[in-house]
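The values are calculated or read from the model by the stated rules, or taken from the named source; none is laboratory data. Source: prediction; values computed, not measured. Positions of Cβ are generated from backbone atoms using ideal geometry, with glycine treated the same way; all protein chains shown enter the neighbour counts.
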Amino acid sequence: MRLRSWPLGPGAAALLLFSLSCGRPPFVVPGGAGVPAPEAPSAWSEATRHCRDLRTLSSELRLSGRAGSARGLRATILIGVTANGEIRLEATAPFGGAVFVLAGEADRATLVTREHQVLVAPAADILEALVGLALGPEALLSVLSGCGVDEAPIEQSARHGEMLSVRSAEGRVFLRQGGGAWRVAAVQRGGLLIDYRLDPDEAVAWPEQLRLSSVPGEQPEIALSLSQSQVDVDVTFPAEAFTVSLPAAPVAMTIEDLRAAGPLGERGP
């Protein structure tokens with residue numbers, strides 16, 4: 001496991017402003033209902049074979065983009081998540097020093113900043129307050145591994161030209177062929193669109209580039225780019241990975257405090 005301890009960095013408000021990387025255009029959700037695609041279930045199975053049964057994942061993320069009115073967000077994040085709902089996330093500022101440490105379980109995680117602020121809340125609520133991404137540990141495992149959603153019964157499937165789509169209770173997955181196999185191109189789950197910016201000629205086991213954006217009309221408006229490296233899967237985390245040491249004189253913080261101080265609040269950068 002590559003997670004390591006950082007000295008807690010300047011408050012969570014410092015996290016996440018940036019310009020999106022150039023390159024191919026963002027993924028566009030195909031319009032219309034498409035045509036029947038009986039081959040879609042087998043394509044979905046092929047595209048998610050590498051990630052559907054993962055127990056754990058850790059990686060280093062380089063994040064940039066915007067959240068709400070905050071632009072120019074940038075951070076390096078060390079993350080570890082498990083299928084059992086455990087999470088550890090350490091965010092560092094671009095020029096060194098940690099922004100915060102988040103550790104715990106889906107229903108109860110603890111955020112500690114370098115300014116000794118402490119917040120205990122569900123992990124998804126904390127991430128939503130930080131950057132508008134209401135994703136818990138299990139959802140993050142699916143997203144970062146390339147599956148996008150957990151395996152679930154397919155409710156609907158369709159073909160849109162050379163692309164296939166399948167819909168489950170968690171969201172809609174778009175598949176296309178690349179590197180001689182079906183691959184997950186993008187996922188729409190709730191108000192979030194996850195664009196796996198894959199090289200169509202390469203079969204990469206784990207997504208190296210992701211673009212997370214809010215669907216039109218969703219608030220806050222999100223446009224975040226993630227570059228993922230040093231991916232380890234199905235490793236055994238030590239028990240202390242999902243705990244965080246509290247400061248000697250903690251300063252209580254609420255979700256509302258975090259939202260107001262961060263990129264989504266009026267006092268954001």
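Residues of the range 126-142 that are touching a strand residue (DSSP E or B) at 6+ places or on another chain (Cβ under 6 Å) and of a type outside the set (Gly, Ala, Ser): ILE126, VAL131, PRO137, LEU140, LEU141.
If only residues of the range 172-199 that are free of Cβ contacts under 8 Å to residues at least 24 places away in the same chain, touching a strand residue (DSSP E or B) at 6+ places or on another chain (Cβ under 8 Å) and outside any strand (DSSP E or B) are counted, the one that is nearest to SER142 (Cα to Cα) is LEU198. Do we find that ARG74 is under 29 Å from VAL215 (Cβ atoms), under 14 Å from the mean Cα position of the chain (by Cα) and in contact (Cβ under 8 Å) with a residue 24 or more places away in the chain in this structure? So ARG74 fails the test.
The single residue among LEU57, LEU73, LEU119 that is surrounded by 21 or more Cβ atoms within 10 Å (Cβ to Cβ) and modelled with pLDDT under 90 turns out to be LEU73. SER157 satisfies every condition listed in (1) more than 15 Å from CYS51 (Cβ to Cβ); (2) hydroxyl-bearing (Ser, Thr, Tyr); (3) in contact with a Gly (Cβ under 7 Å, 6 or more places away or on another chain) except (3). Do you know which residues across the range 155-171 are hydrophobic (A, V, I, L, M, F, W, C) and over 23 Å from GLU138 (Cβ atoms)? Matches in the range 155-171: ALA158, MET163, LEU164.
The sole residue among GLY11, GLY80, GLY34 that is in contact with a helix residue (DSSP H, G or I) (Cβ under 9 Å, 6 or more places away or on another chain) and modelled with pLDDT of 90 or more is GLY80. The set of residues from the range 43-71 being under 15 Å from the mean Cα position of the chain (by Cα), more than 21 Å from LEU212 (Cβ to Cβ) and of a type in the set (A, V, I, L, M) is empty.
Tallying residues that are of a type in the set (A, V, I, L, M) and part of a loop (DSSP other than H, G, I, E, B) within the range 160-171 yields 1. Of the residues making up the range 128-147, those that are touching a helix residue (DSSP H, G or I) at 6+ places or on another chain (Cβ under 7 Å), assigned to a helix (DSSP H, G or I) and modelled with pLDDT under 95 number 2.
Can you give me the number of residues within the range 213-258 that are closer than 18 Å to GLY132 by Cα and surrounded by fewer than 21 Cβ atoms within 10 Å (Cβ to Cβ)? Residues flagged as closer than 18 Å to GLY132 by Cα and surrounded by fewer than 21 Cβ atoms within 10 Å (Cβ to Cβ) within the range 213-258 amount to 13. The residues of the range 136-175 that are over 16 Å from GLU86 (Cα atoms) and among the β-branched types (Val, Ile, Thr), listed by number, are VAL149, ILE154, VAL166, VAL173.
Write out, first by first residue and then by second, each pair whose Cβ atoms fall under 6 Å of each other, whose residues are 6+ apart or on separate chains, and whose first residue, in the range 233-247, is at positive phi while the second is in a loop (DSSP other than H, G, I, E, B). Listed by first residue and then by second, the contacts come to ASP234/ARG55.
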